[in-house]
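The values are calculated or read from the model by the stated rules, or taken from the named source; none is laboratory data. Source: prediction; values computed, not measured. Note that we place each Cβ from the backbone using ideal geometry, even for glycine, and neighbour counts take in every protein chain shown. Each accessible area value is taken on the protein alone, full model and side chains, heavy atoms only, with ligands, DNA and RNA left out. Shrake-Rupley method; radii C 1.70, N 1.55, O 1.52, S 1.80 Å.
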Amino acid sequence: MAPETPPTAKSPAPAARARTAFRTWRRSRPFWGALWTGLGGFVILFLPLAPLGRILQVGIGGVAGMAAGALLMAMALLILLMPGQRYAAGIVAVVVGVASFPLTNLGGLVIGMVLAVLGGSMAFGWLPERPERRAGRGLSPRRRRPGGKTAEPAT
């Protein structure tokens, strides 16, 4: 009789590997803050993009809407691609989102303003995930005993 060979583990499908890689990448940055900021910028940018005759009638509101929307979408990219700059980009996104209310069509009919403020504050408040501490590490030198054992705290 021939010896049985153990079943080999299948490698994950390319789609599963791509999904896992995207999930790992997404969790290492303020993804949802960037998404909401970009969506708010899109709404603010999209509303003034009517036919040219309509934009000329709107005047400065149309130009300010395009500028605010473009700036919010740029901040969303900055938040997504450079997570270290999330504080500055988050503050700029909140300020531009609030400023879009009087400058544009009520901040993209309030929807764009709310999305921009939500995304900017999510980006500002995001903290990177910290690795878990291993047992025995992170204790102060006073609490360690020779031989690697830890001392019990005094009661």
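Give just the number: which of (1) modelled with pLDDT of 85 or more; (2) open to solvent by 80 Å² or more (accessible area, probe 1.4 Å) does Arg54 not satisfy?
Every listed condition holds for Arg54 apart from (1).
Taking only the stretch 72-123 into account, find how many residues are in contact with a Phe, Trp or Tyr (Cβ under 8 Å, 6 or more places away or on another chain) and surrounded by fewer than 16 Cβ atoms within 10 Å (Cβ to Cβ).
3
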